[in-house]
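What follows is calculated from the coordinates using simple rules that are stated; it is not laboratory data. Everything numeric in this text was worked out from a predicted model, so none of it was measured.
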Amino acid sequence: MLPLEVGTRVMCRWRDGKYHPVKVIERRKMPYTVPYDYEYYVHYTEFNRRLDEWVKLEQLDLDSVETVVDEKVEDKVTSLKMTRHQKRKIDETHVEVGHEELDAASLREHEEFTKVKNIATIELGRYEIETWYFSPFPPEYNDSLKLYFCEFCLNFMKRKEQLQRHMRKCDLKHPPGDEIYRSGTLSMFEVDGKKNKVYGQNLCYLAKLFLDHKTLYYDVDLFLFYVLCECDDRGCHMVGYFSKVTSSAFLLLDAVE
């Protein structure tokens, strides 16, 4: 039975102490351990993908293991029972909430690419935050379960010591843009992606950790970012943001058309 195959369905003990049905999405050999000592990345079938996580073997109830079904064989058998038109209609209509703009093929590609959460937690200012989804950070961060963000410039590091050294040098105390609104301790800053490209990209990396489907714009020149901050004597701390395409981008698109 061990190691469990990808696709296996089994009961898993969650943080509430109760067992819930899961599907094994991926597995990895744990270093310096005895044979068959694996960790398993599981999807709780009752819950949203944001709760997917790596679990150890002792969290799984091996008596509840279901026979692994080869999905390709299952799909082939199902296809024989349906006409091509019926199968296409099912593919077109079976779209998760938040992915309505994706066709069936694009949705499968998206799910395959983002199936394993690469960053488990982040530290942003005073807060340690559990992430929800995969974000395509540069390859050198693939082995980092936790990232440390500067809450002002949004640069990210692998180690706490790196962040501490960075904070001694970083001269920003608010997002690198213009304050356009203030009410009490709340301020809104407008950040031009063309003038602050690295900040815009880092903001997109951060946002993708909490959005299942988001187009990550590496070229942020055409966007304005509006960052809401709560301010105190230490600086202006980001609590949320939204973005919009600049008017010059619309003019450019009109010219191309």
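Report Rg/Rh for the range 121-252, rounded to two decimals, where Rg is the Cα radius of gyration and Rh the Kirkwood radius. Don't skip to the end; give the middle numbers.
Numbers: Rg = 14.8 Å, Rh = 15.5 Å.
Ratio of gyration radius to Kirkwood radius for the range 121-252: 0.96.
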Checked against a 26 Å limit on the C-alpha separation, the offending pairs among Lys169/Lys244; Lys29/Lys158; Lys115/Lys169; Lys169/Lys194; Lys158/Lys244; Lys169/Lys197 are Lys169/Lys244; Lys115/Lys169; Lys158/Lys244
Convert 4 °C to kelvin, take the viscosity as 1.567 mPa s, use the Kirkwood radius over C-alpha pairs of the range 8-66 as Rh, and evaluate the Stokes-Einstein diffusion coefficient in µm²/s, rounded to a whole number. 111 µm²/s
Compute the Rg/Rh shape ratio of the range 137-183: radius of gyration over Kirkwood radius, all on alpha-carbon atoms. 1.09
